[in-house]
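The values are calculated or read from the model by the stated rules, or taken from the named source; none is laboratory data. As the structure is a computational prediction, the values presented were derived from the model and not from experiment. All Cβ positions, even for glycine, are placed from backbone atoms using ideal geometry, and neighbour counts span all protein chains on display. Side chains are part of the model used for accessible areas, which takes the heavy atoms of the whole protein and leaves out ligands, DNA and RNA. Shrake-Rupley method; radii C 1.70, N 1.55, O 1.52, S 1.80 Å.
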Amino acid sequence: MNPKQIDEIRSLIGDPSRVILNPQSVEQLSRDFYWYSPVLRKRLDGKLGDAVVQPLVASEIQKLLRYCYANNIAVTARGAGTGNYGQAVPLEGGIVLDLSRMDRIEKILPDGVAVCQPGVRLGDLENEARKAGWELRCYPSTIIKASVGGFLGGGSGGIGTVAHGGLRDFQTVRAIEVVTMEPEPRLVLHEGEAVHEILHAWGTNGIITRIWLALTPAVQWSQCIVAFGAFADAFDFSEKIAAGPAWIKRLVTVFEWPIPSFFTPIQQYAPEGKTLIFFMIASSQLAELEAAARDAGGVVTQSGVYPGLNARPLLSDYTWNHTTLWAMRSDDAYTYLQCGFDPDIARDQLRQLRERFGQEILFHMEFMKRGDGRVFPGAIPVVYYTTEERLNEMIDFCREIGVWVANPHVNNVEGGGRYRADNVQLLAKRRYDPKGLLNPGKMATFHSESTTAGVTTK
Ligand code: FAD
């Protein structure tokens, strides 16, 4: 962007404090957690926006996008920047649109649907929902920082998914309002099935400005850690609880040794050499769970009522993709994959992986519910990285033996594994962003006819 354009954008926004040019802040707000991947680290280091704009209302975004469309300026939306495959890193400069100041929870409807702006932090929404007798159906382990808009744009599920499926399932996302990137940017409401045009599209086909998110009745939760001598016994027990319809659970996570040794603040609950299971379970079932764990040969090393996100320890801080973070702190050669095992043959798939790759892949399982209601062992295995070729060999082998992989080492919607076969995200991009100015480069199958001044979309 040239100085004249920067000046014009400043006068458009009218409040210079919300057009950030300070190089350090621009750099910080151009990054996310892409460095989780040694492959993406090489590709995305040094990619920066030219300026950061912090809108307050949708009409301001419309004004800005009208200007950017006319001047061929790329716009990359940003929530809290906790995405871990470079979703929010601008590849072609331009504007980083930081939505963090659009952070109003408008209302919680009587039927348990939250209406909010995109910059609301998920943790704040969870706290507000609980005051009204509701809670989030699912959330990432980054709940305290991550925004609702960023979760819809780049996330998939997390704590709660074992009971309620992922974000895309069971009509959890009821409606999304977006601003389009057209000569006259429109506000378009997507309801029902149409939300899938926008979900997990990485901000490539509209800027989310308002969200209707279905909640679930609040439960009094407890946390519990159980240790098992053998991974196989822990897997059997965790599967029984995860798939058992009578158990009211929010989290069922299994870590084989040595993963628990990476969790330095909670070493007192991690006996040497043992596999651990972390549960969030209804407090009314805690005693029953502990008894069942003992019957299965497990030892309860920690348990207690969960007071909320201020819990110490907060077990979710060690689960989902936080596990990878703890592993990387122990040795920065660790990275990860995102997998789905076949519930009917998971034990055999795990055996084959161990035989082929030994301790290069450490099993970290996250039980999840699919859209058809079946609970299956998902996984975010911790991988000891040597070369990109070896990483790809692991991914190929997983796919050969029927393990589904969402590859977190690629930087486009299609490669990441959540792309929809019906192409609705791409079709929406063609309608709403014909020049390819929204987060350019991230939807690999999109080709614009126009190659613009600052942006090449081919
Ligand atoms: P950002 O990173 O800012 O943005 C994510 C994507 O959404 C980007 O492509 C961005 O352009 C787009 N976007 C942001 N706001 C908008 C908007 N208003 N309109 C349109 N597009 C927008 N993810 C999970 O799903 N589950 C997990 O359990 C999980 N655990 C994690 C643990 C760690 C330690 C880390 C680092 C990441 C984890 N993630 C997880 C990834 C990430 O934290 C979540 O997906 C989170 O919800 C992203 O929210 P954010 O506000 O940080 O989004």
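At a glance:
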{"quantity": "Residues (more than 22 Å from Leu314 (Cα to Cα) and within 7 Å of the ligand (Cβ to nearest atom)) located in region 153-173", "calculated": "Gly153, Gly154"}
{"quantity": "Wholly enclosed helices (runs of 4 or more DSSP H) of region 20-134 bearing at least 2 residues open to solvent by 40 Å² or more (accessible area, probe 1.4 Å), more than 10 Å from the ligand (Cβ to nearest atom) and in contact (Cβ under 8 Å) with a residue 24 or more places away in the chain", "calculated": "58-71, 122-131"}
{"quantity": "Boolean, Thr216 is β-branched (Val, Ile, Thr), buried (at least 18 other Cβ atoms within 10 Å of the Cβ) and under 30 Å from Gln285 (Cα atoms)", "calculated": "yes"}
{"quantity": "Residue list for region 260-306, restricted to those being part of a loop (DSSP other than H, G, I, E, B) and either without any contact (Cβ under 8 Å) to a residue 24 or more places away in the chain or out of contact with any Ser or Thr (no Cβ under 6 Å at 6 or more places or on another chain) (or both)", "calculated": "Phe263, Ala270, Pro271, Glu272, Gly273, Lys274, Ala296, Gly297, Gly298"}
{"quantity": "Counted residues, region 361-382 - those being farther than 18 Å from Glu400 by Cα and not in a loop (DSSP other than H, G, I, E, B)", "calculated": "10"}
{"quantity": "Failed item, numbered, when Gly402 is tested on (1) more than 19 Å from Val178 (Cβ to Cβ); (2) buried (at least 17 other Cβ atoms within 10 Å of the Cβ); (3) modelled with pLDDT of 95 or more", "calculated": "(2)"}
{"quantity": "Region 219-261 - residue that is among the hydrophobic types (A, V, I, L, M, F, W, C) and in contact with a His (Cβ under 9 Å, 6 or more places away or on another chain) and, of those, farthest from Ile159 (Cα to Cα)", "calculated": "Ile259"}
{"quantity": "Within region 189-199, considering residues that are assigned to a strand (DSSP E or B) and surrounded by fewer than 19 Cβ atoms within 10 Å (Cβ to Cβ), the one farthest from the ligand (Cβ to nearest atom)", "calculated": "Glu191"}
{"quantity": "Neighbours by Cβ (under 6 Å, 6+ apart or cross-chain): first from region 307-334, without any contact (Cβ under 8 Å) to a residue 60 or more places away in the chain; second surrounded by 19 or more Cβ atoms within 10 Å (Cβ to Cβ) and among the small types (Gly, Ala, Ser)", "calculated": "Tyr334/Ala327"}
{"quantity": "Check on Ile176, without any contact (Cβ under 8 Å) to a residue 60 or more places away in the chain, within 12 Å of the ligand (Cβ to nearest atom) and under 26 Å from Gly415 (Cα atoms)", "calculated": "yes"}
{"quantity": "Trp202 vs. criteria within 12 Å of the ligand (Cβ to nearest atom) and not in a helix (DSSP H, G or I)", "calculated": "yes"}
{"quantity": "Scope region 314-332; condition open to solvent by 20 Å² or more (accessible area, probe 1.4 Å) and assigned to a loop (DSSP other than H, G, I, E, B); matching residues", "calculated": "Trp320, Asn321, Asp331, Asp332"}
{"quantity": "Total residues in region 206-241, condition assigned to a helix (DSSP H, G or I) and within 16 Å of the ligand (Cβ to nearest atom)", "calculated": "0"}
{"quantity": "The one condition in (1) hydrophobic (A, V, I, L, M, F, W, C); (2) modelled with pLDDT of 95 or more; (3) in contact with a Phe, Trp or Tyr (Cβ under 8 Å, 6 or more places away or on another chain) that Ile395 fails to fulfil", "calculated": "(3)"}
